[in-house]
1. Looking at region 217-233, I want the residues that are hydroxyl-bearing (Ser, Thr, Tyr) and have a partner that is within 12 Å of ligand 2 (Cβ to nearest atom) and part of a loop (DSSP other than H, G, I, E, B) with Cβ atoms under 6 Å, at least 6 apart or on another chain. Which pairs are those?
2. Tell me which residues, restricted to region 133-150, are away from ligand 2 (no atom under 15 Å from the Cβ) and either out of contact with any strand residue (DSSP E or B) (no Cβ under 6 Å at 6 or more places or on another chain) or not β-branched (Val, Ile, Thr) (or both).
3. If a residue must be touching a Lys or Arg at 6+ places or on another chain (Cβ under 9 Å) and loosely packed, with under 15 Cβ neighbours inside 10 Å, how many such residues does region 80-97 contain?
4. Show the residue pairs meeting these rules: Cβ distance below 8 Å; 6+ apart or different chains; first residue within region 186-203 and over 23 Å from Gln55 (Cα atoms); second residue part of a helix (DSSP H, G or I) and away from ligand 2 (no atom under 16 Å from the Cβ).
5. For Ile50, which of the numbered conditions (1) in contact (Cβ under 8 Å) with a residue 40 or more places away in the chain; (2) farther than 17 Å from Val156 by Cβ; (3) part of a loop (DSSP other than H, G, I, E, B) fails to hold?
6. Within region 233-256, is even one residue assigned by TED's automatic domain parsing to the domain that holds Thr40, under 23 Å from Thr40 (Cα atoms) and among the acidic types (Asp, Glu)?
7. Of the residues that sit in region 159-176 and are surrounded by fewer than 23 Cβ atoms within 10 Å (Cβ to Cβ) and either among the hydroxyl-bearing types (Ser, Thr, Tyr) or under 27 Å from the mean Cα position of the chain (by Cα) (or both), which one is nearest to ligand 2 (Cβ to nearest atom)?
8. Given the conditions (1) crowded, with 17+ Cβ neighbours inside 10 Å; (2) part of a strand (DSSP E or B); (3) within 16 Å of ligand 2 (Cβ to nearest atom), and given that Phe130 satisfies all but one, which numbered condition is not satisfied?
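The values are calculated or read from the model by the stated rules, or taken from the named source; none is laboratory data. Just so it is clear, the structure is predicted and the values come from calculations on it, not from any experiment. Cβ placement follows ideal geometry from the backbone for every residue including glycine, while neighbour counts extend to all protein chains displayed.
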Amino acid sequence: SARAAAVEAAPVPAAPPRSEVLTGDPANNVTDYIYSKMGTNLHLQPDHPICVIKQAIYNYFQANQPGLFKTFDGLHPVVSAHSNFDEVLVPKDHVSRSPNDTYYVNADTVLRCHTSAHQAELLRLGHPGFLVTGDVYRRDSIDATHYPVFHQMEGVRVFSPDEWTAAGLGPTEFAERELKAALEGMARTLFGANIECRWVDAYFPFTNPSFELEIFFNGKWLEVLGCGVMEQVILDANYPDGSGKKAWAFGLGLERLAMVLFDIPDIRLFWSGDERFLRQFKAGDLKAKFKSYSKFPPCYKDMAFWVSPEFTENNLCELVRGERGAGEWEGTHYGRVGALVKESDMLHLDDDVRMGIGGDLVEEVTLIDSFTHPKTQRTSNCFRITYRSMERSLTDDEINALQDRVREGVSGELKVELR
Ligand code: FA5
Ligand code: MG
């Protein structure tokens with residue numbers, strides 16, 4: 001079909017026109033900050049660590065199963081809510097559908113929140129194996145390992161009955177064994193035999209059983225991927241003669257794997273255009289270890305307030321990062337943060353701040369204290385915001401001005417009462 005041919009030949013996705021993403025639709029919650037990341041395609045810049053690790057994983061699967069996995073790098077991040085959610089069996093009331101978690105272009109169209117959005121359409125093309133890499137978008141908390149735009153690689157492999165029969169196993173057992181072997185092999189190939197890994201039972205609507213793989217990194221267990229045996233109805237509904245087949249699927253976080261491989265301590269560095277970062281990586285070089293160049297000190301600001309029913313941590317994070325509601329800038333309904341940043345205030349700020357209040361200067365937002373008043377039953381939260389620049393020292397005046405705006409925004413937009 002024409003659609004299949006278009007998928008097979010997808011070119012590098014350019015940023016869509018602004019008006020197609022910041023639509024002014026009542027359901028639209030995409031911000032300027034998020035729009036500014038579209039079309040960057042770190043996974044397609046040959047010397048960027050995200051592309052280097054992508055290529056290393058492609059090479060691993062190619063060496064293991066020559067010719068089996070077809071790769072797709074150019075599928076567009078704006079997808080239907082149907083493919084992002086319904087086609088992978090995400091229940092109608094699942095939290096991931098909420099506008100608190102997902103960026104909506106309009107009620108039926110989203111910025112994909114995972115590469116699983118492409119499972120069904122690629123199964124329909126009939127490939128027994130495929131790998132899909134792309135940028136994905138989520139309203140999420142902020143810290144060294146979470147960013148609202150990141151890159152995933154989806155992998156799917158379909159098996160025929162003769163394969164599990166030959167192994168003397170049932171289809172689900174066989175697929176689970178093959179899946180874990182493939183991913184453990186990948187981890188050993190990327191990180192060496194001594195890497196500390198563990199499997200954790202998980203839940204995804206589209207796989208059963210489901211697992212997550214964690215790697216011990218910088219003193220903590222870091223989740224790097226989710227996977228499992230594909231729910232049979234997805235194969236039945238999409239793959240040619242799917243009902244006789246069995247499949248596994250995984251979705252891995254490329255930033256997380258690149259952080260482990262190259263010893264990159266903070267996810268924001270991937271978006272830094274700084275030569276001191278970029279020149280440390282080269283296509284095909286898996287031995288590079290990141291050498292830190294930021295000796296700039298962090299600056300902490302604490303903020304306590306009585307929470308309101310409107311309050312969510314994701315709203316706070318978005319506000320702190322300074323992601324102005326798009327429509328807002330154009331005077332429409334999505335009144336979130338715009339009031340905070342007046343054009344006049346923005347003109348003398350650096351580029352990294354211009355996108356809103358804190359931008360990438362916000363390293364982390366953490367809840368450090370919470371209590372409920374015994375008499376009034378009101379809950380008070382105290383959040384600590386860590387500000388730090390990778391490029392320069394921040395001045396007290398600058399941070400105080402940012403923090404003042406954050407406080408104004410928190411009380412004005414999130415309807416909480418500052419203490
Ligand atoms: C998923 O997205 C599933 N679609 C994965 C999957 C595919 C499961 C196929 C089964 C079958 P999850 O939300 O856990 O799962 O994300 C997968 C990986 O993306 C995580 O393990 C992590 O490595 C990475 N990740 C998730 N959120 C972020 C974030 N905010 N910043 C950076 N990486 C992230
Ligand atoms: Mg997970």
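1. No pair meets every condition.
2. Going residue by residue through region 133-150, those that are away from ligand 2 (no atom under 15 Å from the Cβ) are 133-135, 137, 139, 142, 144, 148-149.
Answer for region 133-150, where residues must be away from ligand 2 (no atom under 15 Å from the Cβ) and either out of contact with any strand residue (DSSP E or B) (no Cβ under 6 Å at 6 or more places or on another chain) or not β-branched (Val, Ile, Thr) (or both): Gly134, Asp135, Tyr137, Arg139, Ala144, Pro148.
3. Residues of region 80-97 touching a Lys or Arg at 6+ places or on another chain (Cβ under 9 Å): 81, 83-86, 90-91, 96.
Add one more test, that the residue is loosely packed, with under 15 Cβ neighbours inside 10 Å, and what stays is 86, 91.
Total meeting the criteria: 2.
4. From region 186-203, the pairs are Trp199/Lys180.
5. So the condition that Ile50 fails would be (3).
6. Of all residues in region 233-256, those assigned by TED's automatic domain parsing to the domain that holds Thr40 come to 233-256.
From what is left, the residues that are under 23 Å from Thr40 (Cα atoms) are 251-256.
Narrowing further to those that are among the acidic types (Asp, Glu): 255.
Yes: one or more hits.
7. We begin by selecting, within region 159-176, every residue surrounded by fewer than 23 Cβ atoms within 10 Å (Cβ to Cβ); these are 159-174, 176.
Within this subset, residues satisfying the condition of being either among the hydroxyl-bearing types (Ser, Thr, Tyr) or under 27 Å from the mean Cα position of the chain (by Cα) (or both) are 160, 165, 172, 176.
Details: Ser160: 30, Thr165: 33, Thr172: 21, Glu176: 18 Å.
Of everything passing the filter in region 159-176, Glu176 is nearest to ligand 2 (Cβ to nearest atom).
8. Result: Phe130 passes all but (3).
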